[in-house]
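Notes follow the structure.
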Amino acid sequence: MWTDQTHFYAATDCKYLGRPCPAAERMIAKLAEAMTKAKPLTQEDFEITGTTALDGCPRNCPAQFAASHDRIRLYCGVGEEAPREGLDRFADAILSRDGTGFAASKLDTRPCALMEALPKTAAARQAEQMLAL
């Protein structure tokens, strides 16, 4: 897990690399940057979804992403054919403290890694600024 000025990040290890994928880290950071810039110009329910090839990934993995002002998720190793509902339930089980169990065997396509970015609250940003003083 790591942070930047606007988001908290969580990642699973890539099952092929044995650590978080640097290409996926770059991608989710760019999505977070884009969503931060879009926030003043968009409504709260704004969301972008799509698929991409992870530039720099040693396996040239495809990835599916969903980015909103509440949460950004990146599913490595899955293309557009993978139903997002199952991917979200799988990610909730792993990344959310409120998540419930979910059998990975229920997924048609299992991601080789997951990443999530959650926006920092104003209070969290303020606390970081106070600690930096």
* Structure fact -> Expected max-MSF residue from LEU74, LEU17, LEU114 in the GNM of the chain (alpha carbon, under 10 Å) is LEU17
* Structure fact -> For the chain, the dipole about the Cα centre with charges only on Cβ (Lys and Arg +1, Asp and Glu -1), to the nearest 20 debye, works out at 320
* Give me the log10 of I(q) over I(0) for region 1-57 at q = 0.12 Å⁻¹, as the Debye formula computes it from C-alpha points; what are the numbers? -> -0.35
* Check the straight Cα-Cα distances from LYS120 and name the lysines below 19 Å, setting aside those fewer than 8 residues away within the same chain. => LYS30, LYS37, LYS39
* **At R0 = 30 Å, FRET efficiency that the Cβ-Cβ distance of LEU131 and GLU33 yields, to 0.05** => 0.85
* Asked: Got a sec? Charge dipole of the chain, +1 on Cβ for Lys and Arg, -1 for Asp and Glu; which of ALA24, PRO58, PRO40 is way out at the positive end?
  -> PRO58
* Summed residue charge, Cβ within 11 Å of GLY77's Cβ, Lys/Arg positive, Asp/Glu negative -> +3
* Structure fact -> Placing each pseudo-label 7 Å from Cα in the direction of the beta carbon, LYS15 and THR42 end up separated by a distance in nanometres of 3.0
* Asked: Taking amide H positions as placed 1.01 Å from N in the peptide plane, with prolines and chain starts having none, which residues 5 or more places from CYS21, or on another chain, fall under 5 Å of its amide H?
  -> CYS14
* Structure fact -> With the charge dipole of the chain built from beta-carbon charges (+1 for Lys and Arg, -1 for Asp and Glu) about the Cα centre, the Cα from THR12, GLY79, SER105 projecting farthest to the positive end belongs to THR12
* With Cβ to Cβ distances under 9 Å as the rule, what net charge do the other residues near GLY86 carry (K, R +1; D, E -1)? -> 0
* **Extended-chain gain in nm, criterion 0.36 nm per residue less alpha-carbon gap, ALA93 and ALA122** => 7.8 nm
* Structure fact -> Candidates ALA34, ALA91, ALA117; GNM for the chain (alpha-carbon contacts under 10 Å) flags as most fluctuating ALA34
* Structure fact -> Semi-axes (Å, rounded, descending) of the ellipsoid equivalent to region 35-133 per its C-alpha gyration tensor are 27, 17, 14
* **Whole-Hz couplings from phi, Karplus 6.51/-1.76/1.60, listed for region 109-119; x for Gly and Pro** => 10, 8, x, 7, 6, 10, 9, 9, 10, 10, x
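Readers should treat all values here as calculations from the given coordinates under stated rules, not as data from a laboratory. Small disclaimer: the values here were computed from a predicted structure and weren't measured. Positions of Cβ are backbone-derived with ideal geometry, glycine not excepted, and every protein chain shown enters the neighbour counts.
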